[in-house]
1. Among the aspartates and glutamates, which fall within straight-line cross-link reach of K256, defined as a Cα-Cα distance under 18 Å, with same-chain neighbours fewer than 8 residues apart omitted?
2. So what's the stretch 1-112 giving for Rg/Rh, alpha carbon basis, Kirkwood Rh from the mean inverse pair distance?
3. Per-residue HN-Hα couplings for the stretch 134-148, Karplus 6.51 cos²θ - 1.76 cosθ + 1.60 at θ = phi - 60°, whole Hz, x for Gly and Pro?
4. Which cross-chain or sequence-distant (5 or more) residues have an amide H under 5 Å from the amide H of L101, H modelled 1.01 Å from N in plane?
5. Whole-Hz Karplus ³J(HN,Hα) for the stretch 2-10, in order, using 6.51 cos²θ - 1.76 cosθ + 1.60 and θ = phi - 60°, x for Gly and Pro?
6. Separation of the stretch 221-241 and the stretch 327-354 by C-alpha centroid, Å?
7. Just how large is the dipole of the stretch 66-108 about the Cα centre, in debye to the nearest 20, putting +1 at every Lys and Arg Cβ and -1 at every Asp and Glu Cβ?
8. Can you tell me the alpha carbon radius of gyration of the stretch 106-176 divided by the globular rule-of-thumb value 2.2 N^0.38 Å?
Amino acid sequence: MALRRFADNPILTPKDVPPSRDDYEVIGVFNAGAARVGDEIILLLRVAERPLQLDPQRVRVPYLDTSVRPARFGELSWDRSDPEADFSDPRGVLYRGRHYLTSVSHLRVARSRDGYHFTVDPQPAMFPEEIYEAYGIEDPRITPMGDEYWITYVAVSSWGVATAVARTKDFVHFERRGIIFPPENKNVVLFPGPINGRYYALHRPGEIAFGNKVIWSASSPDGLAWGNHTVALELRPGQWDSIRLGAGAVPFRTDKGWLEIYHGVDDAGRYHLGLALFDLDDPQRLIGRSAGPILSPDAPYEAKGFFSGVVFSCGAVVEDDGLVRLYYGCADDSMAVADTTVDELLAMVEPVAAPAR
Ligand code: MAN
């Protein structure tokens, strides 16, 4: 295995994060974006909260009233025995044909000097406030762009699951620039750039009538208006990435190409991480892929949790000496880190033909 899990994983769990209000509880801290900012490593955590579940017979789920500023929490609740409510997926409730999430997520900064021990800010960094964010903001990815950091994040509402972008210089002030990929689209990562004058992204459309959930790529003159969409990475039936794919960490530059750590879901519904390599000058062209996964949900904190059998990365930090710290969410519960090097990762990549386009 090219990846070494930190011995004291998980590095952050819900009890390390204070809720945004007293009558709420944090049920997950996971899927964090990561970046080196000066002499600190910053994680932008996805923090999932819900109302305290005081009555075991009732399910209480949060939503936000985004017609007021600041947005105000509202709540829905059902009796557990309600025949019209489907509670089979712990992440959501399906009621009379409508989907609700069982938690609302916001983004929170955590800081570290050594990359393993993090201090979590007491307050949210970005809180849902737009109408397209009423069910929460999730799974941030941090891309360095010149002297700024661009954050892509999933904006969830009754309109569906979209991806928005915000910019920051200091992780204190965030400037929202709106939805860049409308529903359903998540797992959007921007390449650090621009590259030869253009911006590039990987993205993952979903809930299509037929066809598969695979990784697409796109380019843009300004990072906001996207076009030139092509399929970047396809499923491999019978393998670890057979059912569904999504870009994970923000791609980083190596001598051999842009290296992307993506997630693949297998026939049993387990989430693994693996590698895709894209051409340095044409980041929409796939040139390599790892045969096997680089990480599978085998550790106890990955195998069992709120949503079991998941390792899910939104960010890695690559140091000048080639050390790679891969941050990843475990079972929609907690955050972990594993170390490797750029050379070890590249050694796992095999040349492949790009999908036709
Ligand atoms: C899926 C999961 C959840 C997430 C929703 C909306 O159900 O990834 O964690 O909250 O999608 O994005």
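1. Of all the aspartates and glutamates, those that pass the test against K256 - Cα under 18 Å, at least 8 places apart if same chain - are D279, D281, D282, E319, D320, D321, D343, E344, E350.
2. Radius of gyration over Kirkwood radius for the stretch 1-112 works out to 1.06.
3. 4, 9, x, 10, 9, 6, x, 10, 10, 10, x, 10, x, 8, 10
4. Under 5 Å from the amide H of L101 lie the amide H atoms of V93, each far enough along the sequence or on another chain.
5. 7, 10, 10, 5, 4, 4, 9, 4, x
6. The stretch 221-241 and the stretch 327-354 have Cα centres spaced 18 Å from each other.
7. 360
8. In units of the globular-protein estimate, the stretch 106-176 measures up at 1.16.
No lab work stands behind these numbers, since they all come straight from the coordinates. Only a predicted model underlies this, so the values are computations on that prediction, with no experimental measurement involved. For neighbour counting, all protein chains shown are included, and Cβ atoms are generated from backbone atoms with ideal geometry for every residue, glycine included.
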